[in-house]
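Okay, so here's the structure we're looking at.
The values are calculated or read from the model by the stated rules, or taken from the named source; none is laboratory data. What you see is a predicted model, and the numbers here were worked out from it, not measured in a lab. No Cβ is skipped: glycine too gets one built from the backbone with ideal geometry, and neighbour counts run over all protein chains shown. Accessible surface is based on the protein model in full, side chains and every heavy atom, while ligands, DNA and RNA are left aside. Shrake-Rupley method; radii C 1.70, N 1.55, O 1.52, S 1.80 Å.
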Amino acid sequence: KEAEFNSEYVTVRHRMVALLNVWRRNLSPQASQYVHFGATTVDIYDTATIIQIDNSITRIDACLAKAIEEMSELAQTHKSTVMIGRTLGQHAQPITFGKKVSVWIGEFSRHRERLRDLKARIRRSAILKGAVGNYSGLGPQAIAIERSFARELAFDQPYASDWHGTRDVIAEYGMVLGLIAKSHARIGQEIFLMQSTDLGEVRERLPDGVVGSSSMPHKRNPIVPERLIHAGRTIPRLAEVLADDVVNFYERDNTSRLSPIVRDISVQSASAARSLVRLIRSLEVDAAIMRRNIDRTSGYAMSQRVAFALAEHMPRTDAEALVKQIISTSAANGLDFETALNLSSDVTMHLTPDEITALLDPTQLDPQVAEQVEATIREAQ
C-alpha cells in the first residue's frame, strides 16, 4: 500500500488525508464512513506525540536513576577525600570530592522529580476533541468516547480543556530536557576542567586504542565531557522551538511540523544521559593530587577556620582582620601560613602550635561533612 499512499499524497499534499483516503478505499462502505469520524488531524498527531513523549520520559528517567546510582557509589567512596573548593575560579575552602558529587546527586534527583511531575500531565494529555477542540462531530457521548480512547491507550483521564492551540505540556517537556542538558553540561565542564593538565584531580578512563590527539602522542583529551558540554548548547535550543510553539493562532496552528524537533530533543537527551552514566562509571580520582592542590596556597585555604578559633577570644571582626593581616605579611615575606601564625604573638597568646597545626589540617573533617553526603544519598534512594 505504500505506493498507493505515495500516489495519493502527490495529489492531496496532506499526509493524514492521503492515509485516510487509502484506508477508506480498502474498507467496506459501511466501515469507511466511520474512519476519522469527528476527529481531526491534530487529535492523531498530538496524541501520537504524547505517547512518544511518555515513552521517552520513562527511558530518560531510567538513565537518570542509573546516573544517580553511579554517583552515589562514587560519593560514598570519596566522602572523606579532601580537595579544594573553588569559588569564582579561586581557592576557597577545602571540601571533599564526595560532597562535590553529592551536589550532582541532588541536582539529578530534582530532575527526576520534575520528570515525574511532567509525566503526570503527559498522562492526561491524550486528546480527541475534534477540529476546534469542542467535540463537534463526535456525537452526544463525545466526552465519554475521549475518556474511553485514553483508557485504551493506557493513559489517565484526559484534561477537559482543549490544548491543541497551546501545546504547553509539550513545551514543558522541552524545557525540562533543556534544564537537564544544562546540568549535563555543567558536570561535563567541571570534569573537563578537573582533568586538565594543570589540575589533574580526576581522569576519564578511556578504552584501549582510543586516540587522545591526532598529532600529539602525549595528550589525553576529554571525550565524554566535551559531548555533554555540546548537549548543553544544542538541546536547550531545540527546547526554545517547542516553547515558541505555545504562541499559536486562535484554536490551533500547524500540526506535525514539530515532530522532528520532539524526536531530536528526545534522542539527544537520552544519548546525553547515557553518556553521563558512562563518564561517572569511568572516572578515576587522584586523591594525592587533590591534596597537593590544597597546599598550593600554603595553608591559606584554612584561614576561616583559624579566624573562627580566634573569634572565641576576641571580636570576630578583629579576628578576621588579624588573620587577613598575617596572610598579607606572610605572602610578602615568603612565609607559609603556619609559620606566620606561630610568629604572631596575637595568635600564640590564644592558640598553641599544636592547635594551629590541627586547624590547618584539611583532613580534620567535621563529622557533618560525611553526614551531608550520606543524607543526600539516602534522599536520592
Please quote Rg/Rh for region 91-135 to two decimal places, taking the Kirkwood radius as Rh and restricting both calculations to Cα atoms.
1.46
In region 153-200, what trypsin sites (Lys or Arg not before Pro) fall in a loop by DSSP, with at most 16 other Cβ atoms inside 10 Å?
none
Place a +1 charge on the Cβ of each Lys and Arg in the chain and a -1 charge on the Cβ of each Asp and Glu, then give the dipole magnitude about the Cα centre in debye, rounded to the nearest 20.
1460
Over 25 Å (Cα to Cα) among 79/324; 129/182; 66/100; 66/99; 119/182; 66/182 -> 79/324; 129/182
For the chain, which DSSP H helices look membrane-span-like by this rule: Cα extent along the axis of 27 Å or more and mean Kyte-Doolittle of at least 0.0?
41-77, 168-194, 224-244, 259-282
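Could you list the trypsin sites (Lys or Arg not before Pro) in region 257-299 that lie in coil according to DSSP, counting only those with at most 15 other Cβ atoms within 10 Å of their Cβ?
Of the trypsin sites (Lys or Arg not before Pro), the ones in loops of region 257-299 whose Cβ has at most 15 other Cβ atoms within 10 Å are 257.
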Does region 199-352 come out rounded, prolate or oblate, given a ≥ b ≥ c as the square roots of the eigenvalues of its C-alpha gyration tensor, rounded meaning a/c under 1.5 and, failing that, prolate meaning a/b above b/c?
oblate
What number comes out for accessible area per residue over the chain if the probe is 1.4 Å? Units Å², please.
54
Taking N as the number of residues in region 73-198, what is its Cα Rg relative to 2.2 N^0.38 Å?
1.68
Test of understanding: in a Gaussian network model of the chain with alpha carbons linked when under 10 Å, which of 114, 13, 316 would top the mean-square fluctuation ranking?
13
Report the Rg/Rh value for the chain, based on alpha-carbon coordinates and the Kirkwood definition of Rh.
1.18
For the chain, what % of the accessible area comes from carbon and sulfur atoms, probe 1.4 Å?
52
Choice from 318, 54, 264 with maximal GNM fluctuation in the chain (Cα, 10 Å cutoff):
318
How do 149, 192, 37 rank by accessible surface area computed with a 1.4 Å probe, from largest to smallest?
37, 192, 149
Quick calc, region 141-284, dipole around Cα centre from Cβ unit charges on Lys, Arg (+) and Asp, Glu (-), nearest 20 debye, gives 580
Mean shadow area (nm²) of the C-alpha convex hull around region 1-111 is 12.8
